[in-house]
Structure formats: C-alpha cells, structure tokens
Amino acid sequence: MDEKVWPSLVKDRFYAKVRKTTDCWWWLASLHRDGYGQFKVGGTKQYAHRVAYFLVYGKWPGEIDNLCL
C-alpha cells in the first residue's frame, strides 16, 4: 500500500490501540513474540513504535528508542 495514502486510512484504527500519557504512549493491542507492539498495515506487520513515528513525522525512522522512561 502506498505510504502516502495509508496514514489517513489507518490513523484512527492505530490511535484506538494507544493510551497516551504525558510521558508515554502505551500500546494496548497485539504484541510480537519479542514483546514489541505490532500493527498490521497493508497486509504487513510493522512495529507499533515505528508506525507511531511515521504517523507523527511522515517518514520512517532509522533506529528508534521505543521505551518510556
């Protein structure tokens, strides 16, 4: 699926699976076997923290810290 199109198609579905606090975004849905949140977009599973970055900044991150401190 075209990355320029899917954010508008999945944004509400993605954010329904997130609980935002002042310090962190907590993933409430499916987890990968390694413990990271996962979210299916266009038939492909993506790490939730990477999708969140894409939705906020409009580009895919390089290496990204997904932990809340």
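The values are calculated or read from the model by the stated rules, or taken from the named source; none is laboratory data. Since the structure is predicted, the reported quantities are computational estimates derived from the model, not experimental observations. Cβ placement follows ideal geometry from the backbone for every residue including glycine, while neighbour counts extend to all protein chains displayed. Please note that ligands, DNA and RNA were not included when accessible areas were found on the heavy atoms of the full protein model with its side chains. Shrake-Rupley method; radii C 1.70, N 1.55, O 1.52, S 1.80 Å.
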For this session: Enter the accessible area per residue of the chain (Å², integer; probe 1.4 Å; all protein chains in place).
Result: 74 Å²
For this session: Could you size up the charge dipole of the chain around its Cα centre, putting +1 on the beta carbon of Lys and Arg and -1 on that of Asp and Glu, and report it in debye to the nearest 20?
Result: 260 debye
For this session: Determine the gain in length on full extension of the stretch Val56-Cys24; use 0.36 nm per residue of separation and subtract their C-alpha separation, reporting nm with one decimal.
Result: 10.1 nm
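Using a 1.4 angstrom probe on the protein heavy atoms only, could you order Asp34, Asp65, Asp12 from most to least accessible area?
Asp12, Asp65, Asp34
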Problem set entry | Normalised contact order of the chain, rounded percent, pairs of Cα under 8 Å and 6 or more residues apart | 22 percent
For this session: Note the angle between two axes, namely the Cα long axis of helix 6-15 and the longest principal axis of the Cα atoms of the chain, as a number of degrees from 0 to 90, rounded to the nearest 10.
Result: 30 degrees
Problem set entry | Solvent-accessible surface ranking, highest first, for Cys24, Cys68 at 1.4 angstrom | Cys68, Cys24
Problem set entry | Principal-axis tilt of helix 48-57 within the chain, Cα atoms, nearest 10 degrees | 60 degrees
Exercise. How much of the accessible area of the chain, in percent, comes from carbon and sulfur atoms when a 1.4 Å probe is used?
Worked result: 50 percent
For this session: Please go through the range 25-69 and write out the trypsin sites (Lys or Arg not before Pro) that DSSP classes as loop and that have at most 10 other C-beta atoms within 10 Å.
Result: Arg33, Lys59
For this session: Scan around Val41 for amide H atoms under 5 Å from its own, H built in the peptide plane at 1.01 Å from N, and keep only partners 5 or more places away or cross-chain.
Result: Gln46
Exercise. Under a 1.4 angstrom probe, counting protein chains only, how are Ser8, Ser30 ranked by accessible area, largest first?
Worked result: Ser8, Ser30
Exercise. What ³J(HN,Hα) values, in whole Hz, does the Karplus curve 6.51 cos²θ - 1.76 cosθ + 1.60 give for the range 17-33 when θ = phi - 60°, with x put for Gly and Pro?
Worked result: 9, 10, 10, 8, 10, 5, 10, 7, 10, 9, 7, 9, 10, 4, 10, 6, 4
